[in-house]
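Shown next, in structure tokens, is the structure this report addresses.
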Amino acid sequence: MAMMGGISATAQDRALPPVQNVMAYESMSLNGNWNYIVDVQEEGYYDYRMNPTQWGFFQNAKPKRPEDLIEYDFDKSPVMRIPSDWNTQDERLFFYEGTVWFKKSFLMDNGKLITDNSSVPANCQFPIPNSQQNKVLLYFGAVNYDCHVWVNGKKAGHHIGGFTPFNYDVTSLLKEGENNVIVKVDNKRHAQDVPTLIFDWWNYGGITRDVKLVKVPTLYLQDYSLQLEREKTNEKNRTIAFSAKLNQAEAGHKVTILIPELKIEKTFDTDAQGNVQCSTFNVQSKKLQLWSPQNPKLYKVYISLDTNTVTDSIGFRTIETRDKQILLNGQPIFLKGISIHEEKPNGGGRANSSEDARTLLSWAKELGCNYVRLAHYPHNEYMVREAERMGIMVWSEIPCYWTIAWTNPATYENARQQLTDMISRDHNRANIIIWSIANETPHSKERDQFLGNLAKYARSLDSTRLISMAMEVTGASNYVNRLNDNMNEYVDVVSFNQYIGWYRDVNDAPKMHWEIPYNKPVIISEFGGGARYGYHGAKNQRWTEEFQENLYRENLAMLDKIEGLSGTSPWILKDFRSPRRVLPGIQDFYNRKGLVSDSGEKKKAFYVMQEWYKNK
Ligand code: GCB
């Protein structure tokens, strides 16, 4: 689409990279009620027939004279709770894929911002616009999929990608009196997007994660990293590496890191690019408690830039591979996992709170997990942080799913950006051990080039974690499954999905022989089958809990025979919504492969898996 009134629908406008550790800053939540207008025909861009100076919904126009014609009114339009997906908030929007416009108003009174949101502390003082000391960032945890943002009718930016954060500097767009933020969200699917036209989950549209105004100093830490180095540790000492980046290229600023519990205080100077280049320092091994599922130790860390300080809670651990083993803190570990979609624990809809995260993760714990595969896109930050506190390791993934447009440069750039934003948001989380670059991608030269480059790029951003992707098994002949994927050379861990017992006869399981010709750890990233909770019958009766239970028994017996198996993440923790799953009375638009039903009841297979993990 060409430029129309300042709207460019092609370029991804990313004025500022998202601020590291946004939760550490004083902020004013814009969650709560937003007015919305459903715009089936993209009218909101073009409504300028009567009044060319007021065209577009983003102008939030109001009639000034009795004869004025303005054919919309945000304030009389319905309201929706944000964050949420519109599909479960308004039954008319259940299957909707298209554009919805949202508006939120708030007041600025003498430099103090005020919303109708009761969770905002009364004494929350925000700077007046153009303050010399502070900036105001408008931060979105995620919006699915394509969104344009205006503040008081002025364009703040455009973003694509449904699962990663973005922020804009809106300091100069705010004003005294009433302010508004208007967001146009479009979740139509396209062949060139990431994910692409088809995928097995609900295309929930909307402002699906927290929105807030964040107060940052004019000069702030746009990013920092604090990690235990894996190569440079020895019995007596461990090496911690620190690096940081300011939002501006300014030399001579002091960045200090303080970890009181370890009696560490180090100060570094920024270089001309505004960076603290990777610097290392030692800690005595016996003083450092390492993060692990048994002891998810986090240290309080204070990072100061000149006189401004942010706090974080950071854990230290190493993750590496040795031949077919995964080593956490130097010791072999079996990843007892489960795959999870970002859906609310009870019923459908996008999960978006720490309570949702705690419920989902407590089910994983009950199952006996020390690890979760967060499929098939980066989940919200609550999920990662809760898992870190609970001692659960994480596989985090970008939505390069099935048949991506491998040869399109814009698609590659989109995937690369989502990977960048996933890694930059979470690279200080000790529990993230694997970055996954894709799921079940059909083999081709073009795919190898796309994903090969992505893998190398991921490694250049973060060399301290493992790279993987969920592969497909293609070499099945008779009862021999041979894994044969060129992407093997790019990954640290060989992971694949297999559905014996569901897309293939369960009686094949005992006869299967696996050939995995790579000297790398192996994870079965998916296996499973569907059952409707409460539907009982013989073990060969599809959709019964007994069918699923038997499928799990047979699969687990088979997995026990795979040499070098280092972990599993069965598909999936909870039944989840999918438009592909249409069987009436059974699926009703839910993928039923959950070990827990859509409303939270545990199926029989849950206990089979639990027993297996207990004995692992
Ligand atoms: C898969 C996909 C997953 C699907 C699952 C299924 O292999 O990775 O996204 O939901 O199979 O249920 O068929």
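The values are calculated or read from the model by the stated rules, or taken from the named source; none is laboratory data. All figures in this text were calculated on a predicted structure; none of them were measured in a lab. Counting neighbours? That spans all protein chains shown, and the Cβs are built from the backbone with ideal geometry, glycine included. All accessible areas refer to the heavy atoms of the entire protein, side chains included, with ligands and DNA or RNA removed. Shrake-Rupley method; radii C 1.70, N 1.55, O 1.52, S 1.80 Å.
If you average the C-alpha positions of region 326-376 and of region 484-539 separately, how far apart do those two centres end up, in angstrom? That distance is 19 Å. Work out the charge dipole of region 175-263 with +1 on the Cβ of Lys and Arg and -1 on the Cβ of Asp and Glu about the Cα centre, then indicate which of V255, P217, G177 is farthest towards its positive end. Value: V255. Counting 0.36 nm for each residue step from D505 to L197 and taking away their Cα separation leaves a gain of 107.9 nm. When the charge dipole of region 12-217 is built from unit charges on Cβ atoms (+1 for Lys and Arg, -1 for Asp and Glu) and taken about the Cα centre, the candidate among F74, V149, T115 whose Cα reaches farthest toward its positive end is T115.
Taking the charge dipole of region 231-317 about its Cα centre, with +1 at Lys and Arg Cβ atoms and -1 at Asp and Glu Cβ atoms, the residue from Q294, S243, L305 reaching farthest to the positive side is Q294. I need the shape label for region 157-258. Rule: rounded when a/c is under 1.5, else prolate if a/b > b/c, else oblate, with a, b, c from the alpha carbon gyration tensor. Note, shape of region 157-258 comes out oblate.
Mind checking the full-extension length gain between N237 and Y457? Use 0.36 nm per residue of separation minus the Cα-Cα distance, one decimal, nm. Kindly include the intermediate steps, with their values, before the conclusion.
Working: separation 220, 0.36 × 220 = 79.20 nm, distance 3.04 nm.
Length difference between fully extended and current span is 76.2 nm.
The calculated FRET efficiency for R189 paired with M23, based on their beta-carbon distance and R0 = 45 Å, is about 0.90.
Every helix of 4 or more DSSP H residues in the chain counts as -39500 (n - 2.57), and over all residues that averages to -4500 deg cm²/dmol at 222 nm.
For D39, the residues whose amide H sits under 5 Å from its own are T99, V100, W101, ignoring neighbours fewer than 5 places away on the same chain, with H placed 1.01 Å from N. Where the centre of each part is set by its Cα atoms, how far does region 195-228 sit from region 236-257, in angstrom? Region 195-228 and region 236-257 have Cα centres spaced 23 Å from each other. Highest mean packing first, where packing is the average number of other Cβ atoms within 10 Å per residue, the peptides 81-89, 496-504, 511-519 line up as 81-89, 496-504, 511-519. For K604, the aspartates and glutamates whose Cα comes closer than 13 Å to its Cα, not counting residues fewer than 8 places off in the same chain, are E545, E546, E549. When only Cα pairs below 8 angstrom with a gap of at least 6 residues are kept, the chain shows a relative contact order of 11 percent. In this structure C369 has an accessible area near 10 Å², from a 1.4 Å probe over the protein heavy atoms. Calculate the FRET efficiency for I70 and K300 from the Cβ-Cβ distance with a Förster distance of 60 Å, rounded to the nearest 0.05. Plugging the Cβ-Cβ distance into 1/(1 + (r/R0)^6) gives 0.65. With coordinates expressed along the principal axes, the C-alpha atoms belonging to region 484-616 extend over 45, 30, 26 Å, beginning with the largest.
Give me the number: length gained by fully extending R580 to H536, i.e. 0.36 nm times residue separation minus the C-alpha to C-alpha distance, one decimal in nm.
Taking 0.36 nm per residue and subtracting the Cα distance, the gain is 13.5 nm.
Could you please state how large a percent of the accessible area of region 56-108 is carbon and sulfur, counting protein chains only and using a 1.4 Å probe?
Details: 1390 of 2700 Å².
The nonpolar share, carbon plus sulfur, comes to 51 percent.
Would you mind checking the pairs K215/K344; K184/K445; K286/K574; K212/K300; K520/K593; K511/K602 and listing those with alpha carbons more than 32 angstrom apart? Checking Cα-Cα distances, K184/K445; K286/K574 exceed 32 Å.
Mind running the shape call on region 12-217? Use the C-alpha gyration tensor, a ≥ b ≥ c as the square roots of the eigenvalues: rounded below 1.5 for a/c, prolate if a/b tops b/c, oblate otherwise. Taking the square roots of the gyration eigenvalues as a ≥ b ≥ c, region 12-217 is oblate.
Which order do the peptides 578-586, 465-473 take when ranked by the mean count of other beta-carbon atoms within 10 Å per residue, highest first? All intermediate terms of the calculation are to be shown ahead of the outcome.
On the way: 578-586: 13.1, 465-473: 22.4.
Answer by packing, highest mean first, reads 465-473, 578-586.
Basic side chains Lys and Arg get +1 at the Cβ, acidic Asp and Glu get -1 at the Cβ, and with that the dipole of the chain about its Cα centre reaches some 1300 debye. With the simple spin-label model, which puts each label point 7 Å out from Cα in the Cβ direction, the A251 to K286 separation comes to 4.4 nm. With Cα atoms as the point set, the radius of gyration and Dmax of the chain evaluate to 25.1, 82 Å. Over region 272-317, the Kirkwood radius and the radius of gyration, each from Cα atoms, give a ratio Rg/Rh of 1.06. Given R0 = 25 Å, the distance between the Cβ atoms of A557 and N486 translates into a calculated FRET efficiency of 0.20. Three principal axis extents describe the C-alpha atoms of region 241-308; from largest down they are 42, 20, 20 Å. Rolling a 1.4 angstrom probe over the protein heavy atoms with all chains in place gives the chain an accessible area of 39 Å² per residue. Each 10 Å bin from 0 upward holds the following percent of the Cα-Cα pairs of region 331-614: 7, 30, 37, 23, 4, 0. When only alpha carbons are used to place a centre, region 302-319 and region 576-616 end up 40 Å from one another.
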